[in-house]
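Only one structure is covered here, and it is reproduced in the block below.
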Amino acid sequence: MRRLTPVLALGALLLTALPAHASDGPAHRDSYGTKAPYVPGQNPRTYQRTPAGYTPVFTENVSRHGSRAATDSEDGDLVLALWDKAQEQGQLTRKGQEFGPAVRALQAAMSQVGHGNLSGRGKQELKDTAARMQQRLPSLFGKIAADGEKIDVVSSGQGRAVDSGNTFAGALAEADPALGPLIGPTRTDKDLLYFHKAAGGAAYRDYIAHDQRLADTLKSITDQPRTHEVARSVLRRIFEDDFVEGIADQVPAAQAVYNLYAIAPAMSEESPDGQGWGMERYVSRSDAAWFGYLSDAEDFYEKGPGFADSDITYKMAGVLLDDFFKQVEAKRDGTSDLGAELRFTHAEEIIPLAALMGLPGSTDPAKPGEPYTYAGNPWRGASVAPLGANIQWDVFRNGDDYLVRMLYNEKETAFKAGCRPIAEGSKFYDLDELERCFGRG
């Protein structure tokens, strides 16, 4: 989430109520945005049965890297500078006295892991996801091992994506050592899995840097009076009122506290007791919900469905969707020796792909004059692209017929409206129908 600069309250381009958060976990999870750690979306025992006569012949996925440390120390450095000053002046609240040591310990843990690198939780998320993939498709992986088919692993080339691919592949090989020699080294394809920074993302980068409507919309959303109220509320949990009023830029300071709150669950295994850092003690649920909404709004407009009259945020994901089809078609046509294609990338790729594919929660862009709100739009970063998010296609064959089942965060998921499954309510689609539906005929 970009740093906010407090300015005078703007006109009422939008009035939005504080997102309602019940006391249950799933609602609270939204406050972490795309920093939410991974949770599988469905119990595998509840998956639909494979239609009679069909056997699995191929699987492919694209996965966001797992939970990680913060990409830099900026947030911790900012709040610790304030904390040290407040401590010198005797301006810490009782709760605030505990805050500084907690942040220093979290900062040290992230530094030891390496900024931006996979945490212990992130590695375990990937190992567990790989194990469940293998458990879902035991006959496929048995066939891969028996026939000597290959497993291709490809990443964006960024450290945490490379490590995610290696960890995932390593878990497959550990579960069945016969797969080890069949897994290729993790290769890099920036055009495919880092497209927002590659040649295909040039128009998108221009939009992010120069589009005035985008800038004005995000400014109107973030610079509401509510943001300043929440910022003061966050800071008053840590610092005495007089000290808070002396902070010139309250919103960036409070946002830094929120960012530490948001990243802490991803670092839970590195905490002293392995259970967590307790950062939720310093940000109330309602305050976290507001900053989570602001983070989601930015991701919605910069990476997701965005404005109804533009596809600039997700059109570039076509290269990745195209590769999904190419891999299945090559399997059907007998030109591929792969049993599995495993891809590892980032939120900047998962979010636009979800919008392009019309996945649940990513189908509604913002209409003119109706900016994104939680009340008016189902898009939530914690659901669309949590840490470790994944999209998987499993391919099944019966003679010359091929079916595809899609899992989104391991939940059986229908393809977009207009695509017809083999039967009403089925999550299996004929490959020919998907090619028609996505205009590949």
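The values are calculated or read from the model by the stated rules, or taken from the named source; none is laboratory data. Predicted model only: the values in this text are computed from it and were never measured. Neighbour counts are summed over all protein chains in view; Cβ atoms, including those assigned to glycine, are modelled from backbone coordinates with ideal geometry. Remember, those area values only see protein heavy atoms, side chains included, never the ligands or the DNA or RNA. Shrake-Rupley method; radii C 1.70, N 1.55, O 1.52, S 1.80 Å.
The peptide list 312-318, 429-435, 387-393, put in order of mean Cβ contacts within 10 Å with the highest first, becomes 387-393, 312-318, 429-435. Every helix of 4 or more DSSP H residues in the chain counts as -39500 (n - 2.57), and over all residues that averages to -13500 deg cm²/dmol at 222 nm. Packing, taken as the mean count of other beta carbons within 10 Å per residue, orders the peptides 76-88, 219-231 from highest to lowest as 219-231, 76-88. Positive-end ranking of G369, H65, W277 along the dipole of the chain, with charges on Cβ about the Cα centre, is headed by W277. For region 252-310, a crude dipole built from +1 on the beta carbon of Lys and Arg and -1 on the beta carbon of Asp and Glu, taken about the Cα centre, is about 180 debye to the nearest 20. Estimated translational diffusion coefficient (Stokes-Einstein, Kirkwood radius over Cα pairs, 4 °C, 1.567 mPa s) of region 300-343: 105 µm² per second.
Both radii come from the Cα set of region 31-82: Rg as radius of gyration, Rh as Kirkwood radius; their ratio Rg/Rh reads 1.25. When you count the other C-beta atoms within 10 angstrom of each residue and take the mean per peptide, 148-159, 321-332, 201-212 line up highest first as 148-159, 321-332, 201-212.
In a simple Cβ point-charge model (Lys, Arg +1; Asp, Glu -1; nothing else charged), region 172-215 has a dipole of about 240 debye relative to its Cα centre. Built from the Cα atoms of region 68-129, the convex hull projects on average onto 4.7 nm², one quarter of its surface area. Normalising by residue count, region 263-351 has a Cα convex hull of 145 Å³ per residue. For region 132-185, the alpha-carbon radius of gyration amounts to 1.13 times the rule-of-thumb value 2.2 N^0.38 Å expected for a compact globular protein. Probing with 1.4 Å while keeping every protein chain in the model, the per residue accessible area of region 294-441 equals 34 Å².
In the chain, which helices (entire DSSP H runs) extend 27 Å or more along their own long axis, judged by Cα positions, while averaging at least -0.5 on the Kyte-Doolittle scale? Answer set is 94-113. Size descriptors for region 30-134: radius of gyration and Dmax over Cα atoms are 21.1, 75 Å.
The residues of region 77-128 present an accessible area of 50 Å² per residue when probed at 1.4 Å with all protein chains retained. Simple point charges give the picture: +1 on the Cβ of Lys and Arg, -1 on the Cβ of Asp and Glu, and for the chain a dipole about the Cα centre of about 520 debye. Across region 25-166, Cα pairs under 8 Å and at least six residues apart give a relative contact order of 32 percent. Taking every alpha carbon pair in the chain, what does the distance histogram look like in 10 angstrom bins from 0, in percent? Going from the shortest bin to the longest, the percentages are 4, 20, 29, 25, 14, 6, 2, 0.
For a 27 Å ceiling on Cα separation, which of these pairs sit above it: K95/K127; K197/K331; K35/K197; K123/K416; K315/K427; K35/K95? The answer is K95/K127; K197/K331; K123/K416. Taking a straight line from the alpha carbon of K190, these aspartates and glutamates sit under 12 Å away, with near neighbours fewer than eight places off in the same chain left out: E349.
For region 329-419, the share of alpha carbon pairs falling in successive 5 Å distance bins from zero is 3, 11, 19, 20, 17, 14, 8, 5, 3, 2, 0 percent. If you take the Cα centroid of region 287-301 and the Cα centroid of region 112-131, the two points sit 25 Å apart. Surface composition of the chain: carbon plus sulfur atoms hold 48% of the accessible area, using a 1.4 angstrom probe and ignoring ligands, DNA and RNA.
With the alpha-carbon atoms of region 114-208 aligned to their principal axes, the span from lowest to highest coordinate is 49, 30, 21 Å, starting with the largest.
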